[in-house]
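Colleague: Here it is: the structure, laid out below.
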Amino acid sequence: MNGRAVVTGAGSGIGAATVRCLLAEGWRVACLDRNAEAARAVADGQPVIVVDVADEAAVIQAMAEAEAELGGIDALATCAGIYETTPFFASTAETFRRVNEVNVIGSFLCIREAALRMAPGARICTVGSVAGLRGGGLAGTVSYATSKGAVITLTKAAARELGPRGIAVNTVAPGMIDTPFAAGPLADPAIRKRIEGMTSFNRLGTPEEIAEVITWLLSPKASYLHGATIVADAGMVMY
Ligand SMILES: NC(=O)c1ccc[n+]([C@@H]2O[C@H](COP(=O)([O-])OP(=O)(O)OC[C@H]3O[C@@H](n4cnc5c(N)ncnc54)[C@H](O)[C@@H]3O)[C@@H](O)[C@H]2O)c1
């Protein structure tokens, strides 16, 4: 029997695979997403909480609800995120605002509110991206890459603050993963082939392959990892 976890972005892709992986490992999981129907389809009887992670008041309420439903919070995976593919010269302040609101501020709010309810020994995993290490260059463009660089830095800053409280904070930085998120750009066979060719295995990743890393980072088996960026990208970056 494992502990009590909160997963944001639980309704699709990496978040949904993480919910399934945690459930298989015996965790109880509160499934948070802005899409209630999608989260319910994944939750398998676990609590579903509808929230826009960019909405501060809603996140405060959602984490309180998760704590009440589960009886406490031992782990958090922040998988909610959005993609942004506006080209460089077409990007505007508004382009940056929304992607940062969800990916960066949303991750921060969830970390803060979960950590307030965590005891020593708890663990947090954010979801960065190789885009945040490479500066993009896959399918997401400038505002997305910038937001993911910020998630990686946010994770380190949170690790500095929360480590002394006994809360471990790490990030996984996936390469290109075959999820609904990436379906738009990957529908172009030339883009798909180019990105596959950037990996040493000549293939994209699956959401389950990232969920396994997240589940491990949330487990006591990762007890000496803190402030780390674990790149899971089939050798695309070799960071
Ligand atoms: N798929 C990839 O190639 C890839 C690569 C690197 C990093 N990532 C990151 O992984 C994370 C998950 O991506 P995915 O591929 O599983 O995407 P996805 O689109 O399949 O799933 C994202 C989920 O997050 C939810 N969500 C989006 N905005 C939200 C908000 N404001 N509040 C609450 N829920 C919200 C969506 O409803 C959806 O269920 C994202 O942070 C993404 O940046 C994805």
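No lab work stands behind these numbers, since they all come straight from the coordinates. Not measured: the values here are computed from a predicted model. Cβ: placed from backbone, ideal geometry, glycine included. Neighbour counts: every protein chain shown.
Colleague: Within 12 Å, Cβ to Cβ, of THR126, how many net charges do the neighbouring residues add up to if Lys/Arg are +1 and Asp/Glu are -1?
Modeller: With Lys, Arg at +1 and Asp, Glu at -1, the neighbours total +3.
Colleague: Can you tell me how the stretch 1-134 classifies by the Cα gyration tensor, rounded, prolate or oblate, using a/c under 1.5 as the rounded cut?
Modeller: It comes out prolate by the Cα gyration axes.
Colleague: Please state the charge dipole magnitude for the chain, taken about the Cα centre, from unit charges on C-beta atoms (+1 on K and R, -1 on D and E), reported in debye and rounded to the nearest 20.
Modeller: Roughly 580 debye for the chain.
Colleague: Mind putting a number on the dipole of the stretch 11-99 about its Cα centre? Charges go on the C-beta only, +1 for Lys and Arg and -1 for Asp and Glu, and I need it in Debye to the nearest 20.
Modeller: 240 debye
Colleague: Please give the net charge around THR206, taking every other residue with its beta carbon less than 15 angstrom from that of THR206, where Lys and Arg add +1 and Asp and Glu add -1.
Modeller: Here the charged neighbours net out to -3.
Colleague: Same structure again: Quick query: amide H of MET236 versus all other amide H atoms, modeled in the peptide plane; which residues come in under 5 Å with a sequence gap of 5 or more or a different chain?
Modeller: SER200
Colleague: Taking θ = phi - 60°, what integer Hz values does the Karplus form 6.51 cos²θ - 1.76 cosθ + 1.60 yield along the stretch 137-147, in sequence order, with x for Gly and Pro?
Modeller: Each residue's phi maps through the Karplus curve to give x, 9, 10, x, 10, 4, 6, 5, 4, 4, 5 Hz.
Colleague: What chymotrypsin sites (Phe, Trp or Tyr not before Pro) in the stretch 161-231 are in a loop by DSSP, with at most 13 other Cβ atoms within 10 Å of the Cβ?
Modeller: PHE201, TYR224
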